[in-house]
Amino acid sequence: MNRLNWVWLASPLLFACSETVRQDSSLQPTKPQPATEQFEASTDYHSFSNPDQIKVTHLDLDLTADFERSVLHGQATLSFERIDHSAKSLIVDTRDLKIASVTVDGTEVEYSLKPADPELGAALQIMLPKTASQVTIDYQTSPSASGVQWLTPEQTAGKQHPFLFTQAQAVHARSFIPLQDSPQVRMTYDATIHTPEELLAVMSASNDPDTARDGEYHFTMPQPIPSYLIALAIGNLDFKAMGKRTGVYAEPELLASAAAEFEDTESMLELTEKTFGPYQWDRYDLLILPPSFPFGGMENPRLSFITPTVIAGDKSLVALIAHELAHSWSGNTVTNATWRDLWLNEGFTTYLTYRIMEQLYGENRYNMEAVLGYQSLQADLKALKDKDEILAIDLRGRNPDDVFSDIPYEKGALMLREIEQKVGRENFDAFLLNYFEHFAFKSITTQSFIDYLDQTLLEQYPEKLSKQRIEQWIFEPGLPKGAPVPQSDAFSNIDKLRNAWLDENIAASEIKTDAWTTHEWLYFLNNLPQELSEEQLNELEAQFDLTASQNNEIAHSWLMIAVKNEYKPAYDRLYEYLVSIGRNKLVKPLYRELSKTSEGKAFATKAFNEAKSGYHPLTIKANQGFVEK
Ligand code: BES
Ligand code: ZN
């Protein structure tokens, strides 16, 4: 079998066709099927690219944002290294891109765009002249690119200017840049972005807060990063410094409140460095997005993208910032090699988040957040199939977007917590510091982690840790017997009060909630019985005014209760919530719950249809199954 054929076999097509491929026409990916072939742990089943043969090392981007047509157009120049000198073509990923030309040193070269897979896009195969070391692709994006959201002025805080942002993780970078869209491929990048003059562009790269606002912006990212960390946003953005190395970009309307809410970011950065080693990325800034941002946050290097829904006014939801910051170590410095290994990013980051929160806000807050995380994990464990409870999950034939759960996050973190408890915190911290240094700027598989653990902690503490136990955590569903169970004294008190109220021993007015934190509220609400009487709901509402809560997490928990019990007084607020927020974690459970009755589904459909033009493509895809066609 020749080299090219081999590439196609080792690529995602593996889950589609196992025949040796001879002709371009037979490269057609069919719909991803559950794989039966031998599983290869280091293969990225979500990229068509061929880094084993030719590996892209640097990207030069020159893009213009056309807000009239909702397209990005320009050139991507890819510099590469030849790993296999007999390889004749470079294969990159694309999704809904229109390719105008591919050139080497100004001369057009032959290329072919393969038929598109609905989830993974289309491979672009570029025939390379023998001596070429870079290619330039002239292209434009589609207005419906899965990784780009174009917002009208009405969808922003200021209502005057349009806004654009990208979201590349997991497999959407290919919808706005033709590249080897695999976390195994790390590249440096330079970019020039052209925008309407009054707007500012920012990227996951060096951003100069004092840059002249002239519609042309330059960026460099000197550290090699995987493609899913390339990010761009354009809007009417201002900057406010929070500390020496930290600041916020936001629309002017949100800037002061964001900077106040997140003023502890600099301290978070400093204390994380102290325990886990130097911050490798120079500055750490936040970008506050419009409410349609589909995630809580995204750890784009040097510039985390953050939902505005966590600006609660009391710093109660800043664990999100600790989380995105912690990714600077776990994720951005040491990166998962494939999406199967996502838990290496998210589990380590969730563990680090808890540690940061504990150090900055004390044990009490840490305990409460850990219990809430644990409860959320338990809910997922109840709902998920066994195969989806495995840390090193088999994602062949599946889109990583469709498999989002607490498993990589909370189960991953709980395993690390157990190791910490067994070997002692100081020893575990030393291990983590070495781990981040040892694998810095590398993309690693679950197996690399296990092998490293084998040579370090497992060898140092054979009486405390066993490889078998680690493998049970990583490769088996559920939680191993004896796994740590987080506890909070503050919550025990909430349990007493809730039970006393449910047993009608006290009235809601006798529950003293003045000093309750957001976490206590969430624990109180999330642990009420599924079914409550109208009388009980009225009493809670009259006493605590929950429908009016401006804390988006508390409102979410209350609205979930309202939907489960068809508590109509909350439905205006529910409607407003669904049409004004696009963060999937907050809206999806509501849509899912509403879809369980026909009346609920009609309500959900109305809200969804109104909100749809403002929702991100990922939020649309995740929720359209819950509403009427
Ligand atoms: N990197 C993730 C977001 C992500 C994961 C995007 C997988 C696409 C695929 C980010 O760091 C994250 O975990 N966000 C969470 C934060 C929360 C756990 C604190 C979110 O958005 O809810
Ligand atoms: Zn994360």
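The values are calculated or read from the model by the stated rules, or taken from the named source; none is laboratory data. Treat the numbers as computed from the prediction; the structure is a model and nothing was measured. Ideal geometry is used to build each Cβ from the backbone, glycine not excepted, and the neighbour counts take in all protein chains shown. Accessible surface areas use protein heavy atoms only, side chains included; no ligands, DNA or RNA. Shrake-Rupley method; radii C 1.70, N 1.55, O 1.52, S 1.80 Å.
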Test for Y409: is it open to solvent by 20 Å² or more (accessible area, probe 1.4 Å) and under 29 Å from the mean Cα position of the chain (by Cα): yes
Filter result for the condition that a residue is surrounded by fewer than 18 Cβ atoms within 10 Å (Cβ to Cβ) and touching a residue at least 60 places away in the same chain (Cβ under 8 Å), over K612, K606, K629, K621: K621
Residue match in the range 295-308 (condition: within 15 Å of ligand 2 (Cβ to nearest atom), of a type in the set (D, E, K, R), open to solvent by less than 10 Å² (accessible area, probe 1.4 Å) and touching a residue at least 60 places away in the same chain (Cβ under 8 Å)): yes
Residue identified as of a type in the set (D, E) and closer than 13 Å to I306 by Cα among E273, E261: E261
Complete set of residues in the range 496-525 that are assigned to a helix (DSSP H, G or I) and loosely packed, with under 13 Cβ neighbours inside 10 Å: K496, N499, S509, E510
So E459, is it open to solvent by 80 Å² or more (accessible area, probe 1.4 Å) and closer than 28 Å to N332 by Cα: yes
Subset of the range 152-176 [of a type outside the set (S, T, N, Q), under 17 Å from T307 (Cα atoms) and open to solvent by less than 10 Å² (accessible area, probe 1.4 Å)]: F163, L164, F165, A168
Contacts under 6 angstrom Cβ, first residue in the range 492-521 being touching a residue at least 40 places away in the same chain (Cβ under 8 Å), partner part of a helix (DSSP H, G or I), 6 or more apart: H519/M368; E520/I494
Residue match in the range 343-353 (condition: more than 11 Å from ligand 1 (Cβ to nearest atom), in contact with a Phe, Trp or Tyr (Cβ under 6 Å, 6 or more places away or on another chain) and either part of a loop (DSSP other than H, G, I, E, B) or acidic (D, E) (or both)): no
Condition met for S316 (crowded, with 23+ Cβ neighbours inside 10 Å and either among the small types (G, A, S) or in the same structural domain as P226 (by TED's automatic domain parsing) (or both)): no
Residue among N427, N399, N434 that alone is within 16 Å of ligand 1 (Cβ to nearest atom) and touching a residue at least 12 places away in the same chain (Cβ under 8 Å): N399
Criterion: in contact with a Lys or Arg (Cβ under 7 Å, 6 or more places away or on another chain) and of a type in the set (S, T, N, Q) - qualifying residue of N538, N493, N527: N527
Residues within the range 354-372 that are within 14 Å of ligand 2 (Cβ to nearest atom) and open to solvent by 10 Å² or more (accessible area, probe 1.4 Å), tallied: 1
Qualifying helices (runs of 4 or more DSSP H) (wholly inside the range 220-336; at least 2 residues being more than 16 Å from ligand 1 (Cβ to nearest atom) and more than 15 Å from the chain's Cα centre (by Cα)): 252-261, 265-276
Single unsatisfied condition, S47 versus (1) closer than 22 Å to P183 by Cβ; (2) open to solvent by 60 Å² or more (accessible area, probe 1.4 Å); (3) at pLDDT 95 or above: (2)
